[in-house]
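Q: This is the structure I want to talk about, given as C-alpha coordinates.
The values are calculated or read from the model by the stated rules, or taken from the named source; none is laboratory data. Small disclaimer: the values here were computed from a predicted structure and weren't measured. Cβ placement follows ideal geometry from the backbone for every residue including glycine, while neighbour counts extend to all protein chains displayed.
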Amino acid sequence: MKYFLELEDHEWPFTGVSHTREIARAILLDENNKVCLEYIYDDDMFGHRDYYETPGGGMKPGEDYQTALNRECSEEVGYECEIIEHLGSIKDYYNLIQRENHNHYFLARRTKKTQIHQEPDEVRRVKGIIWVDIDEAIRLYENMQDELVGKLVKQRELPILKLAKIALQKMSK
(Lines give C-alpha, C1' and ligand atoms only; values in the text may rest on other atoms or scores of the structure.)
Protein backbone atom coordinates (compact mmCIF):
# COMPACT_ATOMS: atom_id res chain seq x y z
CA MET A 1 0.00 0.00 0.00
CA LYS A 2 1.33 3.41 -0.93
CA TYR A 3 0.90 6.16 1.66
CA PHE A 4 0.47 9.65 0.29
CA LEU A 5 1.22 11.14 3.69
CA GLU A 6 3.32 9.98 6.64
CA LEU A 7 2.85 11.98 9.83
CA GLU A 8 4.91 12.08 12.99
CA ASP A 9 3.61 12.46 16.52
CA HIS A 10 5.32 15.44 18.16
CA GLU A 11 2.90 15.48 21.10
CA TRP A 12 4.60 12.63 22.98
CA PRO A 13 8.17 11.31 22.86
CA PHE A 14 8.89 8.44 20.49
CA THR A 15 9.85 5.30 22.43
CA GLY A 16 9.42 2.76 19.65
CA VAL A 17 6.58 0.93 17.93
CA SER A 18 5.16 -2.14 19.64
CA HIS A 19 2.26 -2.77 17.25
CA THR A 20 0.61 -1.68 14.02
CA ARG A 21 -3.10 -1.15 13.45
CA GLU A 22 -4.80 -1.34 10.05
CA ILE A 23 -7.69 1.17 10.07
CA ALA A 24 -10.56 1.72 7.64
CA ARG A 25 -12.27 5.13 7.78
CA ALA A 26 -15.14 6.65 5.84
CA ILE A 27 -15.92 10.10 4.66
CA LEU A 28 -19.51 8.96 4.98
CA LEU A 29 -22.12 10.80 2.92
CA ASP A 30 -25.88 10.92 3.23
CA GLU A 31 -28.23 11.27 0.24
CA ASN A 32 -27.60 15.06 0.20
CA ASN A 33 -23.80 14.67 0.30
CA LYS A 34 -23.63 15.78 3.94
CA VAL A 35 -20.58 14.37 5.75
CA CYS A 36 -20.89 12.39 8.99
CA LEU A 37 -18.67 13.49 11.87
CA GLU A 38 -18.47 12.17 15.39
CA TYR A 39 -18.02 14.76 18.13
CA ILE A 40 -15.43 13.49 20.60
CA TYR A 41 -15.25 14.93 24.11
CA ASP A 42 -13.43 13.15 26.92
CA ASP A 43 -10.49 13.16 29.28
CA ASP A 44 -8.29 10.07 29.37
CA MET A 45 -4.64 9.00 29.12
CA PHE A 46 -4.34 11.12 25.95
CA GLY A 47 -5.47 14.21 27.87
CA HIS A 48 -8.40 16.45 27.00
CA ARG A 49 -10.29 15.52 23.83
CA ASP A 50 -12.54 18.08 22.13
CA TYR A 51 -12.63 17.45 18.39
CA TYR A 52 -14.36 15.74 15.47
CA GLU A 53 -13.45 12.46 13.87
CA THR A 54 -14.69 10.45 10.90
CA PRO A 55 -16.31 7.05 11.46
CA GLY A 56 -14.06 4.04 11.26
CA GLY A 57 -11.66 1.93 13.21
CA GLY A 58 -9.42 -1.07 13.38
CA MET A 59 -9.83 -3.85 10.88
CA LYS A 60 -10.29 -7.40 12.15
CA PRO A 61 -8.16 -10.23 10.70
CA GLY A 62 -9.49 -11.32 7.31
CA GLU A 63 -11.74 -8.28 6.80
CA ASP A 64 -11.70 -6.41 3.54
CA TYR A 65 -12.25 -2.63 3.52
CA GLN A 66 -15.97 -2.82 2.68
CA THR A 67 -16.66 -5.31 5.47
CA ALA A 68 -14.66 -3.29 8.00
CA LEU A 69 -16.38 -0.03 7.02
CA ASN A 70 -19.84 -1.62 7.23
CA ARG A 71 -19.06 -2.96 10.70
CA GLU A 72 -17.49 0.26 11.99
CA CYS A 73 -20.09 2.65 10.51
CA SER A 74 -22.90 0.43 11.76
CA GLU A 75 -21.41 0.29 15.27
CA GLU A 76 -20.58 3.99 15.49
CA VAL A 77 -23.25 5.86 13.51
CA GLY A 78 -25.99 3.34 12.70
CA TYR A 79 -25.52 2.89 8.94
CA GLU A 80 -23.88 0.46 6.61
CA CYS A 81 -22.23 2.02 3.59
CA GLU A 82 -21.12 1.52 0.02
CA ILE A 83 -17.61 2.56 -0.99
CA ILE A 84 -17.52 5.12 -3.80
CA GLU A 85 -13.74 5.49 -4.04
CA HIS A 86 -10.49 5.17 -2.14
CA LEU A 87 -9.31 8.66 -1.18
CA GLY A 88 -5.89 7.71 0.14
CA SER A 89 -3.89 6.11 2.90
CA ILE A 90 -2.00 7.85 5.68
CA LYS A 91 0.59 6.41 8.04
CA ASP A 92 0.74 8.06 11.44
CA TYR A 93 1.85 7.26 14.96
CA TYR A 94 0.45 7.41 18.48
CA ASN A 95 3.70 7.51 20.46
CA LEU A 96 1.91 7.40 23.81
CA ILE A 97 0.78 3.84 23.12
CA GLN A 98 3.65 2.90 20.78
CA ARG A 99 1.31 2.34 17.84
CA GLU A 100 1.83 2.80 14.12
CA ASN A 101 -1.47 3.43 12.32
CA HIS A 102 -2.19 2.60 8.68
CA ASN A 103 -5.31 4.67 7.92
CA HIS A 104 -7.20 3.86 4.72
CA TYR A 105 -9.81 6.50 3.83
CA PHE A 106 -12.79 5.93 1.57
CA LEU A 107 -15.51 8.17 0.24
CA ALA A 108 -18.66 6.17 0.96
CA ARG A 109 -22.43 6.59 0.88
CA ARG A 110 -24.65 5.44 3.73
CA THR A 111 -27.04 2.66 2.79
CA LYS A 112 -28.88 0.39 5.18
CA LYS A 113 -29.97 1.84 8.57
CA THR A 114 -28.80 -0.27 11.52
CA GLN A 115 -28.66 0.06 15.28
CA ILE A 116 -25.75 1.94 16.84
CA HIS A 117 -23.86 -0.39 19.18
CA GLN A 118 -20.74 1.42 20.31
CA GLU A 119 -17.95 -0.03 22.42
CA PRO A 120 -17.96 1.19 26.06
CA ASP A 121 -15.10 3.65 25.44
CA GLU A 122 -16.97 5.04 22.40
CA VAL A 123 -20.14 5.49 24.46
CA ARG A 124 -18.13 7.55 26.94
CA ARG A 125 -16.17 9.51 24.32
CA VAL A 126 -18.65 10.15 21.45
CA LYS A 127 -20.96 12.99 22.49
CA GLY A 128 -22.82 13.35 19.21
CA ILE A 129 -23.05 12.61 15.52
CA ILE A 130 -23.55 15.44 13.04
CA TRP A 131 -24.11 15.62 9.29
CA VAL A 132 -22.65 18.75 7.67
CA ASP A 133 -21.69 19.90 4.19
CA ILE A 134 -18.06 19.38 3.21
CA ASP A 135 -17.12 23.05 3.60
CA GLU A 136 -18.48 23.07 7.16
CA ALA A 137 -16.60 19.85 7.94
CA ILE A 138 -13.36 21.45 6.71
CA ARG A 139 -14.07 24.60 8.75
CA LEU A 140 -14.72 22.54 11.90
CA TYR A 141 -11.41 20.72 11.45
CA GLU A 142 -9.49 23.93 10.77
CA ASN A 143 -10.77 25.25 14.13
CA MET A 144 -10.12 22.06 16.12
CA GLN A 145 -7.71 21.86 19.04
CA ASP A 146 -4.03 22.04 18.09
CA GLU A 147 -2.69 19.90 20.89
CA LEU A 148 -2.57 16.34 22.10
CA VAL A 149 -4.53 13.66 20.23
CA GLY A 150 -6.88 16.26 18.69
CA LYS A 151 -3.89 17.69 16.83
CA LEU A 152 -2.96 14.23 15.57
CA VAL A 153 -6.52 13.63 14.30
CA LYS A 154 -6.64 17.07 12.67
CA GLN A 155 -3.34 16.68 10.82
CA ARG A 156 -4.49 13.28 9.53
CA GLU A 157 -8.10 14.02 8.57
CA LEU A 158 -8.07 17.61 7.28
CA PRO A 159 -6.11 16.68 4.11
CA ILE A 160 -8.55 13.80 3.51
CA LEU A 161 -11.57 16.10 3.84
CA LYS A 162 -10.00 18.40 1.25
CA LEU A 163 -9.55 15.42 -1.09
CA ALA A 164 -13.18 14.45 -0.46
CA LYS A 165 -14.26 17.95 -1.48
CA ILE A 166 -12.44 17.58 -4.80
CA ALA A 167 -14.04 14.15 -5.33
CA LEU A 168 -17.52 15.60 -4.58
CA GLN A 169 -16.92 18.43 -7.03
CA LYS A 170 -16.00 15.90 -9.74
CA MET A 171 -19.09 13.81 -8.94
CA SER A 172 -21.39 16.82 -9.33
CA LYS A 173 -20.18 17.57 -12.88
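Q: Six or more apart or on different chains, Cβ under 9 Å: which pairs go from a residue in region 132-147 that's closer than 25 Å to LEU96 by Cα to one that's of a type in the set (S, T, N, Q) and at pLDDT 95 or above? Could you list them?
A: Listed by first residue and then by second, the contacts come to nothing, as the list is empty.
Q: Which members of region 124-143 meet the condition of being among the charged types (D, E, K, R) and not in a strand (DSSP E or B)? Steps first, please.
A: Looking only at region 124-143, we keep the residues that are among the charged types (D, E, K, R), and these are 124-125, 127, 133, 135-136, 139, 142.
The answer is ARG124, ARG125, ASP133, ASP135, GLU136, ARG139, GLU142.
Q: Would you pick out the residues in region 1-34 that are aromatic (Phe, Trp, Tyr) and out of contact with any strand residue (DSSP E or B) (no Cβ under 6 Å at 6 or more places or on another chain)?
A: Residues satisfying the conditions are TRP12, PHE14.
Okay, residues lined up against (1) out of contact with any helix residue (DSSP H, G or I) (no Cβ under 8 Å at 6 or more places or on another chain); (2) part of a strand (DSSP E or B):
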{"site": "GLY16", "(1), (2)": "yes, no"}
{"site": "CYS36", "(1), (2)": "no, yes"}
{"site": "TYR41", "(1), (2)": "no, yes"}
{"site": "HIS48", "(1), (2)": "no, yes"}
{"site": "TYR52", "(1), (2)": "no, yes"}
{"site": "ARG71", "(1), (2)": "yes, no"}
{"site": "GLU100", "(1), (2)": "yes, yes"}
{"site": "ASN103", "(1), (2)": "no, yes"}
{"site": "PHE106", "(1), (2)": "no, yes"}
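Q: Could you list all residues from region 109-123 that are over 16 Å from the mean Cα position of the chain (by Cα) and part of a strand (DSSP E or B)?
A: The answer is THR111, LYS112, LYS113.
Q: Name the single residue, out of those in region 41-72 being aliphatic (A, V, I, L, M) and at pLDDT 95 or above, that is surrounded by the fewest Cβ atoms within 10 Å (Cβ to Cβ).
A: Across region 41-72, the extreme among qualifying residues is MET59.
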